[in-house]
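Step one of this worksheet: look at the structure below.
The values are calculated or read from the model by the stated rules, or taken from the named source; none is laboratory data. As the structure is a prediction and not an experimental result, all values here were calculated from the model. All Cβ positions, even for glycine, are placed from backbone atoms using ideal geometry, and neighbour counts span all protein chains on display.
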Amino acid sequence: MKTKNTFLLLIAAPLLAVALLISGCGKKEADLTVLRVGYFPNITHAQGVIGRASTDDGKGWFEQRLGPGVKVHWYAYNAGPTAMEAMIAGSIDMTYVGPNPALNAYMRSRGDEIRVIAGAAYGGAALLVRPAANIKTPADFRGKKIATPQFANTQDIAARVWLKSQGFSVTQTGGDVSILPAANPDQLLLFQQGKIDAVWTIEPWVSRIEREAGGKPFIEQTDAITTILVASSGALKDKRALVEKFLQGHRELTAWINEHSAEAQTLVQRGISNTVKREIPLDLVQASWKRLHFTTDVKLAPFEELVTQTRELGFIKDDTQLDRFIDTSISK
């Protein structure tokens, strides 16, 4: 009987230890406060890419500034509208995103759900033409086909606004110039095959189309808003102290990127490669970097102009004002 009890004790003791360990880990994880942040695995989202990489490496650029007991959960998106849908649904607290998806989400929620808290990157977008298309002047675009990354995204709107300013009739389905929304990898293939005449896109695809398909820049948007940092109104209410600390970390990281560009490029190259599960050439990151300007500055005037242009195109139909779009109490 004693032997049997001893045997049971020998079995029970390790099981109890494991149970206590699991319970302790679960309690420790449950005690953490989580800040959920979105970003794109893209060079124009350098702050998000580096932040995610530092979290994965256990160094935690943002975690160090958020303090003990706080964990950043990163969510990678491929398109702005998807990230904005996640934010409106309450799935993420903050995200790096392009200006037009943020504006559309703000309008759709009647100004209730989205707040811009900082800039992140300017520049990096361009209109490239295929040499064989023989496009020398704006008038030469008549009858041509231009690809953009996604219907109603930032570059798609830019293309439609510019074509309209040149006197072309451009509708959502046709017009004097055909606009073909196509994913960035498809743009490169279509360009190489001669099935499109031009493409309005963003880095690193601008550099890739230049290098791999012989694309020639026709317009370069050196000062256009490319990436901003936004927070949900819910996060600003319920996690405001954390959002403020993250914003400070974003400012410090942006300054670091500008002061250590070579090291930042290497981190971005590694971070994107790890996320997309394929190697991104460092020289491609370096080439793309030349067209980008990383800054936390953000002003309302460019967004007001974007809204006016987007309304004229018929993509925004309501009259929601932008007085709450930028949270000036936190973005200073």
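When you look at Asn100, is it closer than 24 Å to Thr295 by Cβ, at pLDDT below 95, among the polar types (S, T, N, Q) and touching a Pro at 6+ places or on another chain (Cβ under 8 Å), yes or no? In short, no. The residue that is surrounded by the most Cβ atoms within 10 Å (Cβ to Cβ), among those in the range 305-322 that are of a type in the set (D, E, K, R) and either touching a residue at least 40 places away in the same chain (Cβ under 8 Å) or touching a helix residue (DSSP H, G or I) at 6+ places or on another chain (Cβ under 9 Å) (or both), is Glu312.
Count of the range 280-299 residues, restricted to those that are among the small types (Gly, Ala, Ser) and under 17 Å from the mean Cα position of the chain (by Cα), is 1. Just so you know, in the range 254-283 the residues that are without any contact (Cβ under 8 Å) to a residue 12 or more places away in the chain and small (Gly, Ala, Ser) include one that is farthest from Asn42 (Cα to Cα), and it is Ala255. When Leu103 is tested against the conditions (1) touching a Phe, Trp or Tyr at 6+ places or on another chain (Cβ under 7 Å); (2) part of a strand (DSSP E or B); (3) farther than 24 Å from Glu212 by Cβ; (4) not aromatic (Phe, Trp, Tyr), the lone failure is (2). Being without any contact (Cβ under 8 Å) to a residue 60 or more places away in the chain and over 21 Å from His45 (Cβ atoms) holds for only one residue in Pro138, Pro185, and it is Pro138.
The residue that is farthest from Arg324 (Cα to Cα), among those in the range 106-134 that are part of a helix (DSSP H, G or I) and not aromatic (Phe, Trp, Tyr), is Ala132.
Only a single item in (1) in a strand (DSSP E or B); (2) within 20 Å of Pro99 (Cβ to Cβ) is not met by Trp162, and it is number (1). Leu189 satisfies every condition listed in (1) assigned to a helix (DSSP H, G or I); (2) under 17 Å from Glu312 (Cα atoms) except (2). Of all residues in the range 138-154, those satisfying the criterion of being assigned to a loop (DSSP other than H, G, I, E, B) and surrounded by fewer than 16 Cβ atoms within 10 Å (Cβ to Cβ) are Arg142, Gly143, Phe151.
The numbered conditions (1) assigned to a loop (DSSP other than H, G, I, E, B); (2) closer than 16 Å to Ile196 by Cβ are all true for Thr173 except (2). If you go through the range 206-217 and keep only what is buried (at least 18 other Cβ atoms within 10 Å of the Cβ) and either small (Gly, Ala, Ser) or not assigned by TED's automatic domain parsing to the domain that holds Ile146 (or both), you end up with Ser207, Ala213, Gly215. In the range 284-304, the residues that are outside the structural domain of Asp327 (by TED's automatic domain parsing) form no Cβ pair under 6 Å with any partner that is of a type in the set (A, V, I, L, M, F, W, C) and at pLDDT 95 or above, whether six or more places apart or across chains. Among the residues of the range 155-205, those identified as of a type in the set (Ser, Thr, Tyr) and surrounded by 15 or more Cβ atoms within 10 Å (Cβ to Cβ) are Ser178, Thr201.
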